[in-house]
Amino acid sequence: MRNFYLAVILSALVLPAAALAQQNFDPWRGAVPDQKAKSATKADSKKTAQTKTKEASGDTLTLETTKGKIVIRLRTDIAPGHAKRLQQLAAEGFYNNVAFHRVIDGFMAQTGDGQNNDGTGGSKYPDLKAEFSSVPFKRGIVGMARKGGNNNSANSQFFIMFAEQSSLNNQYTVVGEVISGMNVVDKLNKGEPPRTPDRITRAVAGQ
């Protein structure tokens with residue numbers, strides 16, 4: 001009987017720890033979509049993707065890819081530092097021929113590693129200080145990837161959401177939103193990394 005009570009106490013301690021570990025969701029590392037994202041219907045996701053945020057402002061970043069064109073409205077109003085970095089790197093040709101190195105169906109497509117093309121690199125510029133906002137991570141939202149648990153480590157990599165992922169809210173910087181080409185994002189080859197990754201053939205800022 002004593003052993004039984006001991007087992008119950010240990011279970012009570014382990015379960016909260018496991019739940020907390022699941023909340024430490026990091027797109028830069030291994031991760032899977034939450035159940036809410038999985039259950040979202042394709043029709044709802046499409047509707048969300050086509051909705052332009054009223055608060056959206058600033059310039060655009062056009063990604064010409066091996067699957068087609070993706071146009072992102074950069075949120076210079078809420079993340080001016082990160083938006084400027086993407087524009088700067090695009091103007092320098094940093095993103096040309098860069099792979100979508102991590103594409104998880106129902107979650108997100110990540111790219112922007114113009115250094116190593118595998119998710120381990122950044123740019124020659126220093127890491128950026130987080131610019132968190134209240135904008136939720138829904139389908140079509142573009143967020144800045146960061147290293148591990150360091151909020152101020154975003155550099156050049158970014159990811160595009162396939163579906164809602166509320167666990168990322170207020171944890172990652174929202175830098176933009178896809179306003180055209182989510183159908184192209186949906187077609188990107190999946191994998192971590194994909195066997196044959198799609199690429200950004202050219203990135204153009206402000207058009």
Read phi for every residue in the stretch 134-144 and hand back ³J(HN,Hα) as whole Hz from Karplus 6.51 cos²θ - 1.76 cosθ + 1.60, θ = phi - 60°, with x for Gly and Pro. 8, 5, x, 7, 10, 3, x, 6, 10, x, 8
For the pairs Lys124/Lys147; Lys84/Lys124; Lys84/Lys129; Lys84/Lys187, note any where the Cα-Cα span goes beyond 23 Å. Lys84/Lys187
log10 I(q)/I(0) for the stretch 127-184, Debye formula on C-alpha points only (no solvent), q = 0.19, 0.25 Å⁻¹, two decimals, reads -0.62, -1.01
Rg(Cα) of the stretch 71-207 divided by 2.2 N^0.38 Å? 0.94
Footprinting exposure proxy for Met161, Met108 (fewest neighbouring C-beta atoms within 10 Å first): Met108, Met161
In whole Hz, with x marking every Gly and Pro, tabulate ³J(HN,Hα) for the stretch 61-72 from phi via Karplus 6.51 cos²θ - 1.76 cosθ + 1.60, θ = phi - 60°. 10, 9, 10, 8, 10, 5, 10, x, 9, 10, 10, 10
Distant-in-sequence amide H partners of Ser180 (H built 1.01 Å from N, under 5 Å): Val71
Range of Cα positions in the stretch 116-160 per principal axis (Å), largest first: 29, 21, 17
Which cross-chain or sequence-distant (5 or more) residues have an amide H under 5 Å from the amide H of Thr201, H modelled 1.01 Å from N in plane? Glu64, Thr65, Thr66, Asn97
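FYI, it's all coordinate maths here, none of it is from the lab. As the structure is a computational prediction, the values presented were derived from the model and not from experiment. Cβ: placed from backbone, ideal geometry, glycine included. Neighbour counts: every protein chain shown.
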